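Sending over a structure as structure tokens; questions will come in a sec.
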Amino acid sequence: MFIAQELRKKSIAEYLLYMWQVEDIIRAYDCSLTRLRREYIGRFDYDDDQKEEMTDWYGNLVTMMNSEGKREGGHLQINQITLQQLEELNAQLLSSSKFPFYNAEYYKVLPFIVELRNRGANKEENEIETCFNALYGTMMLRLQKKDISPETQHAIQEITTFIGMLSDYYHQDKEKPLEFD
């Protein structure tokens, strides 16, 4: 919860990836708040009030996952909305002539997106979601200490730069709306 709050302020992309990880953590504990409290939250070195806040936060997420049918997979509506906002901003940035560096980075990353889709990524999902799935998948491989090929590392580095730019524009737009054409 505390990490999520800080990430949301700092980087919407990191926040979204973190929230996807939280969804997976909740699933790993069978969407059981009792298990989360005992086996996960209890491991943190927080005082009782902080643990209670975390328990409330995870409890709300468990409730949402259950009510939205996300126990087995998929993303919570709150996370889908954030992704949709990023997708819409991406479209606005690409259609504007005021953001040439963003456009250049997009076209630099596009071949990697096409390659991911050719290798089995969901062809129905938006390009931004494809990027996030690639970043999340790579993050999971790193956590599992699995090898990542140099080609994949290069692609992920480019995707990271692109999504980082999108995240920066998202925060700029929230502070003072960006002017498109």
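The values are calculated or read from the model by the stated rules, or taken from the named source; none is laboratory data. Predicted, not measured: the structure shown is a model, and the values here were computed from it. Cβ atoms come from the backbone with ideal geometry, glycine included; neighbour counts cover every protein chain shown. The protein model used for the area step is the full one, side chains on, heavy atoms only, and it has no ligands, DNA or RNA in it. Shrake-Rupley method; radii C 1.70, N 1.55, O 1.52, S 1.80 Å.
With respect to A155, determine if the residue is farther than 29 Å from Y29 by Cβ, in contact (Cβ under 8 Å) with a residue 12 or more places away in the chain and touching a helix residue (DSSP H, G or I) at 6+ places or on another chain (Cβ under 9 Å).
yes
Among the residues that make up the range 57-68, is at least one of them within 20 Å of the chain's Cα centre (by Cα) and touching a residue at least 60 places away in the same chain (Cβ under 8 Å)?
Scanning the range 57-68, I find no residue that is within 20 Å of the chain's Cα centre (by Cα) and touching a residue at least 60 places away in the same chain (Cβ under 8 Å), so the answer is no.
Can you name every residue in the range 76-120 that is closer than 22 Å to M65 by Cβ and either among the hydrophobic types (A, V, I, L, M, F, W, C) or in contact (Cβ under 8 Å) with a residue 60 or more places away in the chain (or both)? First the steps, then the outcome.
The initial filter retains those residues of the range 76-120 that are closer than 22 Å to M65 by Cβ, namely 76-86.
Result: L76, I78, N79, I81, T82, L83, Q85, L86.
Please verify whether D30 is acidic (D, E), assigned to a loop (DSSP other than H, G, I, E, B) and at pLDDT 95 or above, treating the condition exactly as stated. Reasoning before the result, please.
On the way: acidic (D, E): yes; assigned to a loop (DSSP other than H, G, I, E, B): yes; at pLDDT 95 or above: yes.
So D30 fits the description; yes.
Filtering the range 165-181 down to residues that are outside any helix (DSSP H, G or I) and over 16 Å from E87 (Cβ atoms), which residue is least open to solvent (accessible area, probe 1.4 Å)? Can you show your working first?
Applying the first criterion (outside any helix (DSSP H, G or I)) to the range 165-181 yields 176-181.
Among the residues that remain, those that are also over 16 Å from E87 (Cβ atoms) are: 176-177, 179, 181.
Details: K176: 147, P177: 96, E179: 128, D181: 124 Å².
Checking each candidate, the answer is P177.
Here is a follow-up. Could you tell me which residue of the range 27-59 is most open to solvent (accessible area, probe 1.4 Å), considering only residues that are in contact with a helix residue (DSSP H, G or I) (Cβ under 6 Å, 6 or more places away or on another chain) and aliphatic (A, V, I, L, M)?
L33
Which of the helices (runs of 4 or more DSSP H) found entirely inside the range 74-164 contain at least 3 residues meeting this: charged (D, E, K, R) and either open to solvent by less than 70 Å² (accessible area, probe 1.4 Å) or out of contact with any Ser or Thr (no Cβ under 7 Å at 6 or more places or on another chain) (or both)?
In the range 74-164, the matching helices (runs of 4 or more DSSP H) lie at 100-118, 127-143.
Residues being farther than 17 Å from I159 by Cβ, under 14 Å from the mean Cα position of the chain (by Cα) and open to solvent by less than 10 Å² (accessible area, probe 1.4 Å): count how many of those fall in the range 1-26.
So the answer is 4.
From the list G69, G59, G42, pick out the single residue that is out of contact with any His (no Cβ under 7 Å at 6 or more places or on another chain) and either closer than 19 Å to D181 by Cα or modelled with pLDDT under 95 (or both). Lay out the reasoning, then the answer.
Values: G69 fails: either closer than 19 Å to D181 by Cα or modelled with pLDDT under 95 (or both); G59 fails: either closer than 19 Å to D181 by Cα or modelled with pLDDT under 95 (or both).
None of the others qualify; the one that does is G42.
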